[in-house]
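Presented below is the structure to which this report refers.
The values are calculated or read from the model by the stated rules, or taken from the named source; none is laboratory data. Just so it is clear, the model here is predicted, and its values are computed rather than measured. Methodologically, a virtual Cβ is constructed for each residue, glycine included, from the backbone with ideal geometry; neighbour enumeration extends over all protein chains shown. Keep in mind that these areas ignore ligands, DNA and RNA; they rest on the heavy atoms of the full protein, side chains included. Shrake-Rupley method; radii C 1.70, N 1.55, O 1.52, S 1.80 Å.
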Amino acid sequence: MSATAPVALVTGATSGFGQAIAAGLHGRGWIVYGTSRGLPPEPAAAGPRMIPMDVTADEAVAAGVARVLRETGRLDALVNNAGCGWAGALEDTSLDEARAQLDTNFFGAHRLCRAVLPAMRAQGRGRIVNIGSLAGIVGVPFQGFYCASKFALEAYTEALRMEVKPFGIHVSLVEPGDFATGITAKRRMAAASGAGSAYLPRCSTAVARMIADENGNTDITPVVRKVIGALEARAPRLRYPVALPSQRLLVALRQLLPQPWFESLVMSYYRIR
Ligand SMILES: NC(=O)c1ccc[n+]([C@@H]2O[C@H](COP(=O)([O-])OP(=O)(O)OC[C@H]3O[C@@H](n4cnc5c(N)ncnc54)[C@H](OP(=O)(O)O)[C@@H]3O)[C@@H](O)[C@H]2O)c1
C-alpha cells in the first residue's frame with residue numbers, strides 16, 4: 001500500500017453506487033475502504049478493503065473510522081453513500097418508520113462527518129461527498145420521508161461546507177435522479193400502506209412509476225464520474241446533479257413554473273390526481 005496514495009472511505013459499498021464508486025476510486029489509485037453492514041468478505045488481494053459498519057450505530061462508525069486512521073494514518077475523502085428507501089403515504093408512516101429513514105440517510109451521514117472531521121481538520125485538508133438525490137430538491141408524493149432525509153442533507157451540506165472551509169475541507173452533494181441499483185428491491189413500504197389504506201391506489205401507481213424509472217436507467221457510471229470529479233476537482237462545486245434529461249427538466253421547471261402548475265406536472269409525472 002503506497003503511503004502517498006489518497007485514502008477514501010465509502011459507506012454502503014456492498015451494491016449500487018457505493019460499490020461502483022469504491023471500485024472507480026480504487027481504479028484511479030486511491031486506497032479505498034468500503035463499508036458493509038453484513039460480515040465483510042475476506043480482504044481481496046486487490047480492490048477496495050471492506051470493513052463492517054452500520055451507519056446507524058455510533059460505536060460501529062467510530063470503530064470503522066478509527067481503523068482506517070490506524071491502518072493508513074490519514075483520511076482524505078468520505079463518501080456518505082449508505083442509504084435506503086422507505087415509501088408510502090405520510091399519514092400511513094409511523095414515527096418509528098420515519099425515524100428509521102432519517103437515521104440511515106441523514107443522521108448516518110452526520111455520524112460519519114463527526115467521526116472524520118477531527119482527523120481532516122488536523123490534516124488541514126479533506127473532501128466529503130454526500131449522496132443526495134433529486135428527491136432532495138423536489139418533494140415526491142409517497143416518498144415523503146425519503147425526500148425529507150435528502151432535503152435535510154441538502155441544508156446540512158450547504159451549512160457544513162461553510163463551516164469547514166477554513167480547515168481546507170470541501171463538501172459537495174451529488175444528486176442522482178432514478179437509477180437501477182439495489183435500492184429498488186430493498187425499498188420498504190410503510191406497514192400501514194397496504195390494504196385498508198385510503199391512499200393505496202395512488203400510492204401504488206406512483207411507486208410503480210418510480211420503480212419503472214429506476215429499472216429503466218441502468219448505467220450508473222455518470223454518478224460514479226460525478227463523485228470522482230467532486231473528490232478530485234481543485235475547487236469542487238456544492239452540487240452535482242446527475243439524471244436523465246426528463247428528470248433534470250422537471251427539477252429546472254420548479255424554478256420557472258408557478259407552483260400550482262409545477263405541482264400538477266409532478267402529479268401527472270407520477271400518474272396520480
Ligand atoms: N438508486 C437511485 O435511484 C438513487 C437516487 C438518488 C439517490 N440515491 C442514493 O444513493 C445512495 C446509494 O443507494 P443505491 O441506490 O446505490 O442503493 P443500494 O444498491 O441499495 O446501496 C445502498 C447501500 O447502503 C447500504 N446501507 C443501507 N443501510 C445502511 C446502514 N444502516 N448502514 C450501513 N450501510 C447501509 C447498503 O448496505 P446493505 O447491503 O447492508 O443493505 C448498500 O451498500 C443512497 O444514499 C440513496 O438514497 C439512490
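Structure above, values below:
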read-out	value
Every pair of residues 6+ apart whose Cβ atoms lie under 7 Å, when the first sits in region 181-205 and is among the β-branched types (Val, Ile, Thr) while the second is open to solvent by 80 Å² or more (accessible area, probe 1.4 Å)	184/215; 205/271
The lone exception for residue 37 - which of (1) open to solvent by 40 Å² or more (accessible area, probe 1.4 Å); (2) farther than 30 Å from residue 193 by Cβ it fails	(2)
Hey, residue 207 more than 27 Å from residue 26 (Cα to Cα), within 14 Å of the ligand (Cβ to nearest atom) and of a type outside the set (Phe, Trp, Tyr) or not	yes
Residues (touching a Gly at 6+ places or on another chain (Cβ under 6 Å) and within 15 Å of the ligand (Cβ to nearest atom)) located in region 1-34	10, 12, 13, 15, 16, 18, 22
Members of region 123-144 found to be more than 14 Å from the ligand (Cβ to nearest atom), in a loop (DSSP other than H, G, I, E, B) and either over 19 Å from residue 242 (Cα atoms) or touching a strand residue (DSSP E or B) at 6+ places or on another chain (Cβ under 6 Å) (or both), listed by number	124, 125, 141, 142
Criterion violated by residue 46 - all others in (1) in contact with a Lys or Arg (Cβ under 6 Å, 6 or more places away or on another chain); (2) at pLDDT below 95 satisfied	(1)
Subset of region 185-198 (residues that are open to solvent by 50 Å² or more (accessible area, probe 1.4 Å) and in contact with a Phe, Trp or Tyr (Cβ under 7 Å, 6 or more places away or on another chain))	188
Condition check for residue 149: within 11 Å of the ligand (Cβ to nearest atom) and of a type in the set (S, T, N, Q)	yes
Unique match (being open to solvent by less than 20 Å² (accessible area, probe 1.4 Å), free of Cβ contacts under 8 Å to residues at least 60 places away in the same chain and part of a loop (DSSP other than H, G, I, E, B)) among 55, 32	55
Filtered residue count, region 165-184, keeping only those that are open to solvent by 10 Å² or more (accessible area, probe 1.4 Å), of a type outside the set (Lys, Arg) and more than 8 Å from the ligand (Cβ to nearest atom)	4
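Yes/no per residue for (1) surrounded by fewer than 22 Cβ atoms within 10 Å (Cβ to Cβ); (2) away from the ligand (no atom under 14 Å from the Cβ); (3) farther than 17 Å from residue 186 by Cβ; (4) of a type outside the set (A, V, I, L, M):
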| position | (1), (2), (3), (4) |
| --- | --- |
| 69 | yes, yes, yes, no |
| 82 | no, no, no, no |
| 86 | no, no, no, yes |
| 91 | yes, yes, yes, yes |
| 100 | yes, no, no, no |
| 105 | no, no, no, yes |
| 110 | yes, no, yes, yes |
| 113 | yes, yes, yes, yes |
